[in-house]
Amino acid sequence: MCGIVGYIGNKKAVPVLINGLRSLEYRGYDSAGIAVLEDNEIIAIKDKGRVANLENIEDIKNLNSSIGIAHTRWATHGKPSKENSHPHLDNSKQFAVVHNGIIENYHELREFLSQKGYTFLSQTDTEVIPNLIHYYYTNGIRDTDQFLRAVKSAVDDLKGSYAIEVMSKNYPDRIIVVRKDSPLVIGKGNDENFVASDIPAILCHTKDFYLLEDNEYAVVYANDIHFFDNSLEEHSKSIKSIEWDATAAEKNGYEDYMLKEIYEQPNAIRETIGSRFKLGEKCNFDDIDISKEYLSQVNKIWIVACGTAMHAGLVGKNAIEKLCKISTEVDIASEFRYRDPIINDKTLCIFISQSGETADTIAALKLAKSKNAKTIAVTNVIGSSITREADYTIYTHAGPEIAVASTKAYTSQVVLMVILAMYFAEILGICDENCVEQLKSDILDLPNKIETVLESADDIKKFAEKVYTEHDMYFLGRGNDYCVALEGSLKLKEISYIHSESYASGELKHGPIALIENGVTVISILTNPDLVEKSISNIQEVVSRGAKTLVITNQKLSNVNFDFIMNIPDTNSLISPILSVIPLQLFSYYIAKNKKLDVDKPRNLAKSVTVE
Ligand code: F6R
């Protein structure tokens, strides 16, 4: 999705802006552009295509300005083209704007501005913004606050979601920013300040950030930042230091971010566990305040998320139901928000989102809140939009996830959900303490066991080499293994573009087995000792119809005729997905590499889906 960068300070702006845009490439985009102030004029350079194209434009190298705004665009209104790329200027070329989000009433505003004589060069919703600013600027009272007031009047007219950055040739010492339902942060430096839609874009310059709230304005100077509320009353704001290391958002010698993030999982899990529990002690979540009285009257838990985060929720459901005996349902956020779900003050709703910016998940959370449910957000991104909406936020602390395909965020979400289930069970006092103690010990062993799984990456690579030209694949499993089958299948589709389906093994006979024919690849996950016999029978059914089978298992299998068995360490079945998903992440990765695809930036996908 779209990305924003801004710079004002004592350096040349262009390299900072280009670097920032490069760090945002992972979000997915189809055009890029920058605007700087040079000799009192706004110079905008933009086009469809990659950030690298911008860098090669000769004119850009001669720009010495130390103020600028920049954008990567993911087309919503109007195809990718030079005209539709941001920044957009008003007709008089006094104001330049970049914008993330969607202006829902842009038709109306365009109509209004057209009647006032404004013309438009693009098909975008964004182009109304600089022209509206110009309209209010020229029709407002002339004083020192004229620029800010014009931005505020224009923003008051907007319906939808936005993060907006504005620069004016009349005010070469400042950038004005405002947001609603779309992220925006300001990074504080020495004699320089930065703006970004995403922390990694400017993490190499500063670790000190102001996280802008909805409807909050900031006027950013090189040496100062002023914050204003929606009535333009000025207020002070506290700064947040981000622990992420700048190198955490770099490849560190790995060929791709995805591979790096797969290998970061042992550490990511250590960070997720953090100080949330120790052996012999109860789990503790400083970040939430849930009492036994409250939890005892909860009659339903909803876990709501999208994509991979939803798959983590499925594993969370199994843990909560097993340990807490509270009925728990998982739903896709885009379905949940429109189907009038049964929610009241006895409902606890948990929303999982790596980015914390997914539009559907945030809308689902708002819906739950409006119906008086208590809400918990599970996210990886500090200060992300979801954290402002939820009653409580729990961070996964997996570190920045840059590759579009989620890997370490998934495993850390699963770990966190299981720890949360143990925490609830301990509050309720209904759990078998020995069982929970054993589970804690198993969770603490996970990082080392993940390392063992990663050591077998070459075996998976070999299997991937054999099957990467296939057109269809099937993933099977029961219980938590089915949750992993769903995730493995999604990962394969996303980055290798191979059609794949996942089924609960027991469903095979109810239809899908008709698709199994000679040579079809079937991947089965088999980790639950209670279900092993049944699952083996299901795999035999596809083998006898000619399928090629990859089986990922922690069980000792004898007398089986599977093509390839990948052994993984044994663990508690509540957390087995954390180990069994890793071969599947690697499998998709190696298939995509064999097909020479861009694993970090798969086609049509964006890292954070900030529009519906
Ligand atoms: C898959 C993937 C997506 C995300 C989904 C939700 O690899 O990354 O399916 O899981 O878009 O994103 P978040 O977790 O940011 O809400």
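How many percent of the accessible area of the chain is carbon or sulfur, using a 1.4 Å probe? Exposed carbon and sulfur together represent 45 percent of the surface. Taking LYS346, LYS371, LYS325 and ordering them by how much accessible surface each has at a 1.4 Å probe, largest first, produces LYS325, LYS346, LYS371.
Across segment 49-59, coupling constants 3J(HN,Hα) worked out from phi with the 6.51/-1.76/1.60 Karplus curve, θ = phi - 60°, read x, 7, 4, 4, 5, 4, 4, 7, 6, 4, 4 Hz, and Gly and Pro carry x. The P(r) of segment 418-481 has a tail past 17 Å containing 66 percent of all C-alpha pairs. Going by Cα centres, segment 112-177 and segment 279-347 are how many Å apart? Between the Cα centres of segment 112-177 and segment 279-347 lies a distance of 43 Å. Computed from the Cβ-Cβ distance with R0 of 25 Å, the FRET efficiency linking SER231 to ASN190 stands at 0.20.
A viscosity of 1.306 mPa s and a temperature of 10 °C, combined with the Kirkwood radius over C-alpha pairs in the Stokes-Einstein formula, give segment 254-452 a diffusion coefficient of 94 µm²/s. For the chain, the normalised intensity computed at q = 0.05, 0.08, 0.09 Å⁻¹ comes to -0.24, -0.60, -0.74 (log10 of I(q)/I(0), Debye sum over alpha carbons, equal scatterers, no solvent).
Summarising the amide proton neighbourhood of CYS306: residues at separation of 5 or more, or on other chains, whose placed amide H is nearer than 5 Å comprise ALA333. Shape summary: segment 246-296 maps onto an equivalent ellipsoid whose semi-axes, from the alpha-carbon gyration tensor, are 35, 12, 9 Å in decreasing order. Using only the alpha-carbon atoms of segment 457-594 as identical scatterers, what base-10 log of I(q)/I(0) does the Debye formula give at q = 0.16, 0.19 Å⁻¹? Computed log10 I(q)/I(0) values: -0.72, -1.07. I'd like to check one number: the per residue accessible area of segment 160-267, probe 1.4 Å, reported in Å² as a whole number. Ligands and nucleic acids excluded, the result is 38 Å² per residue.
With a Förster radius of 35 Å, plug the Cβ-Cβ distance of ASP157 and ASN299 into 1/(1 + (r/R0)^6) and report the FRET value to the nearest 0.05. Using R0 = 35 Å, I get an efficiency of 0.20. Ignoring aspartates and glutamates fewer than eight residues from LYS169 along the same chain, the ones with Cα atoms less than 12 angstrom from its Cα are GLU38, ASP39, GLU41, ASP90. Among the trypsin sites (Lys or Arg not before Pro) in segment 97-191, those placed in a DSSP loop whose Cβ has at most 16 other Cβ atoms within 10 Å are LYS116, ARG142, LYS159. Here each label is just a point 7 Å from Cα along the line to Cβ, and for ASP445 and ASP598 those points are 4.3 nm apart. Both the radius of gyration and Dmax for segment 492-573 are 12.9, 35 Å, in that order, over alpha-carbon atoms. With protein chains left intact and a 1.4 Å probe, residues in segment 347-460 average 26 Å² of accessible area per residue. Under 5 Å from the amide H of THR396 lie the amide H atoms of THR379, ASN380, each residue being 5 or more positions distant or on a separate chain, with H modelled from the backbone and absent for Pro and chain starts.
Here segment 177-316 is treated as an ellipsoid with the same Cα gyration tensor; its semi-axes, largest first and in whole Å, are 33, 25, 16.
Heavy-atom accessible surface of ARG339, to the nearest 10 Å², is about 110 Å², with a 1.4 Å probe and all protein chains retained.
Distances between placed amide hydrogens fall under 5 Å for VAL195 paired with GLY6, TYR7, GLY187, all partners being 5 or more residues away or on another chain.
Averaged over its residues, segment 1-140 has an accessible area of 38 Å² per residue, based on protein heavy atoms and a 1.4 Å probe.
Cβ-Cβ distance of LEU605 and LYS278, R₀ of 45 Å, FRET efficiency by 1/(1 + (r/R0)^6): the value works out to about 0.70.
Just to be sure I understand the curve: with the Debye formula and one point per C-alpha of segment 3-248, what is log10 I(q)/I(0) at q = 0.07, 0.08 Å⁻¹? Debye output, listed in q order: -0.20, -0.26. For the listed residue pairs LYS462/LYS595; LYS11/LYS79; LYS93/LYS116; LYS493/LYS534, the alpha carbons are over 25 angstrom apart in LYS11/LYS79; LYS493/LYS534.
Working note: Karplus 6.51/-1.76/1.60 with θ = phi - 60° gives segment 307-322 the couplings x, 4, 4, 5, 5, 5, x, 4, 5, x, 4, 4, 5, 5, 5, 5 Hz, where Gly and Pro are set to x.
For segment 479-493, the Karplus equation 6.51 cos²θ - 1.76 cosθ + 1.60, evaluated at θ = phi - 60°, returns couplings of x, 4, 5, 5, 4, 6, 4, 4, 5, x, 5, 4, 4, 4, 4 Hz by residue, with Gly and Pro reported as x. Under 19 Å of direct C-alpha separation, and excluding same-chain neighbours fewer than eight residues apart, LYS440 reaches these lysines: LYS278, LYS282, LYS317, LYS322, LYS325, LYS449. A Cα-only calculation for segment 189-232 places Rg and Dmax at 11.1, 34 Å. Figure legend: label point modelled 7 angstrom from the Cα of HIS107 along Cα→Cβ; residues of segment 56-87 with amide N under 16 Å from it are 77-78.
The equivalent ellipsoid that matches the C-alpha gyration tensor of segment 136-214 spans semi-axes of 25, 17, 8 angstrom, in descending order.
The values are calculated or read from the model by the stated rules, or taken from the named source; none is laboratory data. Since this is a predicted model, take the numbers as computed values, not measurements. Because the Cβ atoms are built from the backbone with ideal geometry, glycine has one as well, and the counts that use them run over all protein chains shown. Quick note on the areas: whole protein, heavy atoms, side chains included, nothing else; ligands and nucleic acids left out. Shrake-Rupley method; radii C 1.70, N 1.55, O 1.52, S 1.80 Å.
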